[in-house]
1. Remind me, relative contact order of the stretch A:3-268 in percent, using alpha carbon pairs under 8 angstrom and six or more residues apart?
2. Which number do you get for Rg(Cα) / (2.2 N^0.38 Å) in the stretch C:20-71?
3. Of the candidates B:112, B:131, B:174, which one comes out as most mobile in a Gaussian network treatment of chain B with C-alpha springs shorter than 10 Å?
4. For chain C, take the longest principal axis of its alpha carbons; what is the angle in degrees between that and the long axis of helix C:179-191, to the nearest 10 within 0 to 90?
5. State whether the stretch C:1-108 is rounded, prolate or oblate according to the following rule on the C-alpha gyration tensor (a ≥ b ≥ c being the square roots of its eigenvalues): a/c under 1.5 gives rounded; otherwise a/b larger than b/c gives prolate, and the remaining case gives oblate.
6. From the square roots a ≥ b ≥ c of the eigenvalues of the alpha-carbon gyration tensor of the stretch A:209-263, which class results: rounded (a/c under 1.5), prolate (a/b over b/c), or oblate?
7. In peptide C:47-57, how many Cβ atoms from other protein chains are near each Cβ within 10 Å, on average?
8. What is the distance, in nm, between label points placed 7 Å from the Cα along the Cα-to-Cβ direction at residue C:174 and at residue C:151?
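Each reported figure results from applying straightforward, stated rules to the coordinates on display, with no laboratory input. Note that the structure is a prediction, hence the values are computed from the model and not measured. Cβ placement follows ideal geometry from the backbone for every residue including glycine, while neighbour counts extend to all protein chains displayed.
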């Protein structure tokens, strides 16, 4: 099979993912709207916290910085948590559409990956990028080229890791039928461990230690902190290494689980 | 003044439907075209207590919609509806106590629980007195042949068993009127027969009124009256024998012929079917008695033959064809 | 015939009994759902704990007061989810799954509330209740504060349920999609964990009059924690009743748009 043909097919899945965002415009803007509202909640809460404590900075963060942090986090979350991979896999399994997906010339795992990538690229370009630019204007700060480069690498690595994790969660639907609860918990944990509630640098050192060895921070905190310039290159490299260290076993685990799951699907007959 | 079980006058119902475009620019594809579909169009009829009525029609003819309006599930856009004297939409709760509706195979059953739990539930829902409940349960278990089934989990039952249990659950409270919506779809033959038998018995014993919607022709054998719906309009409302007698001047003759090519069958009637050595003809009754037809039957190439009245399916198809022609 | 309300409540309780039996048939799954739901509430508490670790707290509320509020909000939202499973109801409405239920001799509201499983939320309610007791114990209870709390909580809870049912019918009619309602309630759930004053005057209005979650969580909690004047108490009840009445009427009026799988 010609290499070009192969690339063509995979590219097609990517493009479809990209286009899907256009098709589901209404859904998209609704979730976007709610994400923005959700960031207002945290901002309101933290404003109250600062006023209450009567301090100008907590853990090195001033209130304006806090605002910028949360807007950044949500702009990034639009890309990081764009596609409900686990839910889609659960739907595929429950509706039986997974069997048709399995016979497509593109491997199901690749479909999930590329589809998600396509969706995220669109979200990133259409929403996150303008959003971040807007924030930088309003917040009066600039990104260094180095920060942007690191940002992109972090997002790429975070994408890979989170796709594996959500993929694994989604495949549980084969054993447990209904995994809404698990999905909800995973989403919440990701938000929490990723720095979506509290900037991770504000946590006491023992907590920071735990969060530092988990991969979730790469999805939210690390990219935001990189752009804000509040982390050193050394810390960035460290996060990336932690991420890579997670990516490898996650990949192996995903491949292993997928083999078992695929066997189970085809043996049951869909 | 006679009290009708069901009194329907000029009932109409529209549905809003959306058409999704599959071509054109992204913008036009995102916009949907809304159009209105007329599900029921000035439907009128009256049913007396104790009648068994078959509501026939092709898919999309409005049968289910009509039943749902009669049950108080859907709201009629126009017209007047009375069931047992109640207006179903505004008096849904009062009607419900005396109404039984069998929808689908497991509407009233709990998927994970044995059927008997659903019956217990129904007992509470309809406030059926304990002794009465036991009596009726025993009766239905026997007549529907569910004695070895009702303690099993619903999800393990066959479709026929589920349907019978669902039926039982829906009529346990001895309703005066029962609607059955496509009760025998996908159901095995013994279960179908059991259901039909139960309906007939209930009508005989309790004068329960039944309306069953179906597009399966064998179901209507238990009905005395047939109402035929086509595209939301009543096109036939009369006794079943009258329907069967339509196009009743024809007979179907099935011939088994050793050399089918040798005979010109069109001389005798319309050729309906050809399959190898089998030829099915539609012959008018008068033609049957002619010498030429007699001669045909006696030809040595004709090995066997059978004469029958056209089946109800055939009659219905002809009826629909006639309607379609009239439309143009 | 008995009082209709009593009949409806009996029907609701009967249905609960059978749905729980159905739910517990598969013990493993049921346990998983319950544990899942239980863990879900930890997230809210963790958030508050973290905030209180790094700062002096929110809007003058101390840690136990916040725990009390979070618990109240959690109980109310989960009680809502327990009774009104939004996605499932929308599914039922869309494919005509409500039909077998609508032919039963009970009011539409109780039929809607009795038409589903999704009983996992019960453990979240229990868990939050335990934390509620703990924090209440730390704060101190008086009969008056308790009474005000319970009354406002129940009335507010009912208001929220009726409001949500109305929203579901509205969005069924307009969009046939539960997505907006789900996201809205998820958003409201997050917001209701914190004292409404942090959202400013506009925010308070939104969460009181626009989406009546304030009556179900914030005002009962405030009544318990810092007391409430009789005037304010009756004001709150009045507004809550009004919203309930409007929701109830709207819900019933919207029923004509049910198309049961056709159209």
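1. The normalised contact order for the stretch A:3-268 reaches 25 percent.
2. Ratio of Cα Rg to 2.2 N^0.38 Å: 1.64.
3. Result: B:131 has the largest fluctuation of those listed.
4. 20
5. Since a/c reaches 1.5 and a/b is larger than b/c, the shape of the stretch C:1-108 is classed as prolate.
6. The shape class here is prolate.
7. Rounded to a whole number, the mean comes out at 6.
8. My value for the distance between the label points is 3.5 nm.
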